[in-house]
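See structure below.
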Amino acid sequence: MPSRKEAESEVKSWGFNHVFTWSGRRNAYYSPHRHAGLTTHLILDGELTITYPDDAKPTKETFGPGARVDVDANRKHEVVR
């Protein structure tokens, strides 16, 4: 896995000017929410499970280290780390 600095540089190379490095505790729950712009998650450690509750058929997807998860602007999603 890349270092934090390498990962931040990689995300910037994808066109994201603002990079926030986040680490949450295991099983942390983030209730349904939206962001005004496109966001991306590059998983470096652990897992991220994401659900889109407003989809016609909501499903849960779990991603591990190395995965990139993009969330469109204003798309409601909830996350479990």
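This model, with +1 at the C-beta of Lys and Arg and -1 at the C-beta of Asp and Glu, gives the chain a dipole about its Cα centre of some 200 debye. Dipole of the chain (Lys/Arg Cβ +1, Asp/Glu Cβ -1, origin at the Cα centre): which of Y29, T62, L44 lies farthest to the positive side? Checked the options; the winner is Y29. Shown is the FRET efficiency for V19 and D45, computed with R0 = 22 Å from the Cβ-Cβ distance and rounded to the nearest 0.05: 0.85.
Over the chain, DSSP H runs of length four or greater, each weighted -39,500 (n - 2.57), average out per residue to a 222 nm ellipticity of -3500 deg cm²/dmol. Loop-located GluC sites (Glu not before Pro) in region 42-81 (DSSP state not H, G, I, E or B) with no more than 15 neighbouring Cβ atoms inside 10 Å: E47. Applying both filters, DSSP loop and at most 13 other Cβ atoms within 10 Å, to the chymotrypsin sites (Phe, Trp or Tyr not before Pro) of region 20-54 gives F20, W22. Each of H77, H18 has some number of other Cβ atoms within 10 Å of its Cβ, and from fewest to most they run H18, H77.
Coordinate-derived values only; no laboratory data. None of these values were measured; they are calculated from a predicted model. Counting neighbours? That spans all protein chains shown, and the Cβs are built from the backbone with ideal geometry, glycine included.
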